[in-house]
Amino acid sequence: MGNMSNNGETKTDVILIGAGIMSATLGTILKELVPEWNIKVFEKLDQAGEESSNEWNNAGTGHAALCELNYTSEQADGSINISKAININEQFQVSMQFWSYLVNNKLIDNPKDFIMPIPHMSMVRGEDNVKFLKKRYEALKDNPLFKGMEFSDDAQKLKEWIPLMMKDRPADDVIAATKIDTGTDVNFGALTRMLMKNLEKQNVEVNYNHSVENIKRTSDGGWELKVKNVLSGNVEQHKAKFVFIGAGGGSLHILQKTGIPESKHIGGFPVSGLFLVCNKPEIAEKHHAKVYGKAAVGAPPMSVPHLDTRYINNKKSLLFGPFAGFSPKFLKTGSNMDLITSVKPNNVFTMLAAGAKEMALTKYLIQQLMLSKEQRIEELRDFIPDAKVEDWDIVVAGQRVQVIKDTPAGKGTLQFGTEVITSEDGSVAALLGASPGASTAVHVMLQVIQKCFPQEMKAWEPKLKEMIPSYGVKLMDNPKLLEDVHELTAQTLGLSERKPVHN
Ligand SMILES: Cc1cc2nc3c(=O)[nH]c(=O)nc-3n(C[C@H](O)[C@H](O)[C@H](O)COP(=O)(O)OP(=O)(O)OC[C@H]3O[C@@H](n4cnc5c(N)ncnc54)[C@H](O)[C@@H]3O)c2cc1C
């Protein structure tokens, strides 16, 4: 791709809409693959990583399926299906390798500012759940990806692992947990800001306070964007050969404006989130793990409650949640009209079908929304039996827009994963959905690249392998490579030297 068209008008090779973790990751990969390409970023807010990618707006879990029970479902015959857990773990290894490459090549520094080691644990109560957890452990423990996982239903052992959660717990509580020390807490906000800073250093033009208002095709197969400078009110036009719509919750509206057939019959359903944050450092000090529980009946998979040690601005804190809720906004900084304006003639039936089918979810979200602080603390008491209302504050998390689309399972089916939508000619791509989210940004952005630049893949392969040694192979089937990758990433990202200390 060149930068000048015949008539001398400047045209960018790549425009990235939004400065969240997804655009930042895609821009970074592309800049490494083809440094000569010209890239511009337009971000509505005045900084990078202020929406879902911000450290206070998500749970910061490096999702590797080490503790999330919803990635290992129990089959009708009682066996545990671990295929989803394997996929997510493999995807996280891709992120870890890419981040290591960036650190090794000094494109970003101080890994401790964005990634910390923290044990990942699953905790369940009640006999049936304990049985399930034991079976899950048996299914995972010999898999090289889950090496080092431990199981215990012994109160004494659990007291060592999770003293805060075991204190004042009734002796007859049937409880079990698994623990694996290779888990991480990732500050995706800090990482996004580092990546965007690196891009700016590499002459990527990053325009903050610039909101993309419209997008339309140009006669030469590219795209023209109408961009509003939100400070001055000026409207600018910018052209590009390739556009990535990485606007998070804002992506659906922009995708709809492209008019591409792939954008039709898709809707979005916003789910809001809240966390409880502990305001007493002496309590936060007593816990050292991310502990995931089991989702309540009727709850969507992303609202599994968890008690998390977090490292935000190098300070240890303790968060519990997320509590789901309903808000018609698609972005935390969005508008109450977002949901209504996303309904179009081509997706109205899809949306209505989903509405009829998802009554249980709607009811659940509304109930969640109505919870008082005392009721939220009551849920926290499943984790910390003696939790006190005054020790916790409420923080509002980011919005997640779940994709609604027609699938073989029926019209208007709610999706919980991420979806990459691309035009047939690969000139525009959008990312919708939010799970497993930021942790798998590198894998997802590689999908965008493969779909949109198929001709270049052969030439790019050596560089991709340099950045991601396991590129194109399954680590599970290559235990030696997996071991090397684990060692390399732990060392480069400083995870081994910052091994967890128990209280
Ligand atoms: C409560 C909650 C908990 C989560 N927990 C985790 C977790 O533990 N681990 C994990 O890996 N993931 C988690 N996620 C998911 C993760 O946060 C997201 O998948 C990820 O941050 C999405 O990144 P993004 O770049 O697509 O979007 P964002 O970070 O939202 O970025 C989009 C950007 O686009 C900008 N924008 C929007 N519209 C426009 C426009 N018209 N013009 C210009 N700019 C625009 C926005 O201002 C924003 O900066 C969680 C999400 C939530 C909400």
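If I ask for residues that are of a type in the set (Gly, Ala, Ser), under 28 Å from residue 72 (Cβ atoms) and under 20 Å from the mean Cα position of the chain (by Cα), which ones from segment 403-462 would you list?
Those that are of a type in the set (Gly, Ala, Ser), under 28 Å from residue 72 (Cβ atoms) and under 20 Å from the mean Cα position of the chain (by Cα): 417, 433, 434, 435, 437, 438, 439, 441.
Among the candidates 288, 265, 253, single out the residue that is away from the ligand (no atom under 16 Å from the Cβ) and within 17 Å of residue 401 (Cβ to Cβ).
Just a single option satisfies the conditions, and that option is 265.
Just checking: which of the strands (runs of 3 or more DSSP E) contained wholly in segment 135-241 hold 2 or more residues that are within 16 Å of the ligand (Cβ to nearest atom), buried (at least 22 other Cβ atoms within 10 Å of the Cβ) and not basic (Lys, Arg)? It would help to see each step written out before you state the result.
Numbers: elements: 150-152, 175-180, 184-186, 205-207, 210-217, 223-229.
In segment 135-241, 184-186, 210-217, 223-229 are the strands (runs of 3 or more DSSP E) which contain 2 or more residues that are within 16 Å of the ligand (Cβ to nearest atom), buried (at least 22 other Cβ atoms within 10 Å of the Cβ) and not basic (Lys, Arg).
Which residue out of 410, 398, 437 is away from the ligand (no atom under 16 Å from the Cβ) and touching a residue at least 40 places away in the same chain (Cβ under 8 Å)?
Residue meeting the stated conditions: 410.
Residues of segment 48-71 being outside any helix (DSSP H, G or I) and more than 8 Å from the ligand (Cβ to nearest atom), which ones?
55, 56, 64, 65, 66, 67, 68
Of all residues in segment 388-412, how many are of a type in the set (A, V, I, L, M, F, W, C), surrounded by fewer than 21 Cβ atoms within 10 Å (Cβ to Cβ) and not in a strand (DSSP E or B)?
2
In segment 338-376, what residues are in contact with a helix residue (DSSP H, G or I) (Cβ under 8 Å, 6 or more places away or on another chain), over 23 Å from residue 387 (Cβ atoms) and at pLDDT 85 or above?
338, 341, 342, 343, 344 - these are the residues of segment 338-376 that are in contact with a helix residue (DSSP H, G or I) (Cβ under 8 Å, 6 or more places away or on another chain), over 23 Å from residue 387 (Cβ atoms) and at pLDDT 85 or above.
Looking at residue 429, is it within 16 Å of the ligand (Cβ to nearest atom), modelled with pLDDT of 95 or more and part of a strand (DSSP E or B)? It would help to see each step written out before you state the result.
Values: within 16 Å of the ligand (Cβ to nearest atom): yes; modelled with pLDDT of 95 or more: yes; part of a strand (DSSP E or B): yes.
Against the criterion (within 16 Å of the ligand (Cβ to nearest atom), modelled with pLDDT of 95 or more and part of a strand (DSSP E or B)), residue 429 qualifies.
For segment 150-204, give me each residue that is hydrophobic (A, V, I, L, M, F, W, C) and under 30 Å from residue 47 (Cα atoms).
Answer for segment 150-204, where residues must be hydrophobic (A, V, I, L, M, F, W, C) and under 30 Å from residue 47 (Cα atoms): 186, 188, 190, 191, 194, 195, 196, 199, 204.
Quick check on my filter: what residues within segment 413-426 are more than 14 Å from the ligand (Cβ to nearest atom) and among the polar types (S, T, N, Q)? Give the steps one after another, and end with the answer.
Initially, segment 413-426 is screened for residues more than 14 Å from the ligand (Cβ to nearest atom), giving 413-414, 422-426.
Passing the criteria: 413, 422, 423.
Of the residues 333, 309, which is under 20 Å from the mean Cα position of the chain (by Cα) and either surrounded by fewer than 20 Cβ atoms within 10 Å (Cβ to Cβ) or part of a loop (DSSP other than H, G, I, E, B) (or both)?
333
Taking the conditions exactly as written (more than 23 Å from residue 191 (Cβ to Cβ), surrounded by fewer than 23 Cβ atoms within 10 Å (Cβ to Cβ), at pLDDT 85 or above and touching a strand residue (DSSP E or B) at 6+ places or on another chain (Cβ under 7 Å)), does residue 294 satisfy them or not?
Against the criterion (more than 23 Å from residue 191 (Cβ to Cβ), surrounded by fewer than 23 Cβ atoms within 10 Å (Cβ to Cβ), at pLDDT 85 or above and touching a strand residue (DSSP E or B) at 6+ places or on another chain (Cβ under 7 Å)), residue 294 qualifies.
The values are calculated or read from the model by the stated rules, or taken from the named source; none is laboratory data. A quick note: this is a predicted structure, and the numbers were derived from the prediction, not measured. Note that we place each Cβ from the backbone using ideal geometry, even for glycine, and neighbour counts take in every protein chain shown.
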